[in-house]
Amino acid sequence: MSEHLARIHWQRDGAVFTDQRYSRVHRWEFDGGARIDAAASPSVVAPALTDASAVDPEEAFVAAIASCHMLWFLSLAAAAGICVDSYDDEAVGVLRQVNGRLAIAEVVLRPRLRISGEPATAERIASLHDAAHERCFIANSVRCGIRVEPR
């Protein structure tokens with residue numbers, strides 16, 4: 001077992017607060033030293049209350065799923081003797097009503113690979129994606145559907 005630390009820091013900075021017009025901009029800090037500007041999504045709150053250039057929780061959720069899947073895929077491909085030169089994904093999370101509440105209802109992964117050396121069949125790549133999905137810690141932790149659509 002392991003623990004994974006994230007520090008979240010927000011400060012009111014003199015805003016009234018109770019009028020709901022406070023800034024949603026905050027910072028994420030991780031035990032390895034990375035710091036990331038974060039904020040509410042501009043699709044959730046008024047643009048004046050957020051920072052569209054910051055990472056929002058919905059984007060981070062999608063990125064965590066895509067990253068975990070990719071890391072497992074790369075590990076499995078390497079073990080299978082498949083040399084992956086690059087892996088790019090344009091993952092998308094869909095926010096919608098689920099049982100009367102907003103939720104990320106589905107995440108679609110769209111990985112694109114570049115492989116060198118011995119070519120791998122589409123079936124073999126699909127099998128590795130299936131195995132990566134089964135092993136992904138994040139995918140195993142969420143309720144939403146996750147689809148992999150290799151490109």
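Where a number appears in this text, it was derived from the coordinates with a stated rule and is not lab data. All values reported here derive from a predicted model rather than from experimental measurement. Note that we place each Cβ from the backbone using ideal geometry, even for glycine, and neighbour counts take in every protein chain shown.
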Quick numbers on region 1-76, Rg and Dmax over C-alpha atoms in Å, give 15.3, 52
In region 79-133, the GluC sites (Glu not before Pro) that fall in loop regions by DSSP, at most 14 other Cβ within 10 Å: E90
What one gets for region 6-49 as the Kirkwood radius, inverse of mean 1/r over different Cα pairs in Å, is 11.5
Taking region 1-113 and dividing mean pair separation by its residue count, relative contact order in percent (alpha carbons under 8 Å, at least six apart): 15
Would you mind checking which residues have amide H under 5 Å from D56's amide H? H placed 1.01 Å from N; only 5 or more apart, or other chain. A39
Between E106 and D130, with labels modelled 7 Å along Cα→Cβ, what's the label distance in nm to one decimal, could you check? 2.0
Using the 4.7 Å Cβ rule, please list in number order the cysteines from the chain without any candidate partner. C83, C144
Consider the candidate values (i) 0.96; (ii) 0.93; (iii) 1.06; state which one is Rg/Rh (Cα atoms, Kirkwood Rh) computed from the structure displayed. (iii)
Can you run phi through the Karplus equation (6.51, -1.76, 1.60; θ = phi - 60°) for region 87-92 and list ³J(HN,Hα) in whole Hz, with x for Gly and Pro? 9, 10, 9, 10, 6, 9
From the backbone phi of region 54-68, what are the Karplus-calculated ³J(HN,Hα) couplings (6.51 cos²θ - 1.76 cosθ + 1.60, θ = phi - 60°) in whole Hz, Gly and Pro given as x? 7, 7, 9, x, 5, 5, 5, 4, 5, 5, 5, 5, 5, 5, 4
Using amide H atoms built in the peptide plane, which far-off residues or other-chain residues are under 5 Å from T50 H to H? R24
Give a residue-ordered list of calculated ³J(HN,Hα) values for region 133-139 (Karplus: 6.51 cos²θ - 1.76 cosθ + 1.60, θ = phi - 60°; whole Hz; x for Gly, Pro). 4, 5, 8, 4, 4, 5, 4
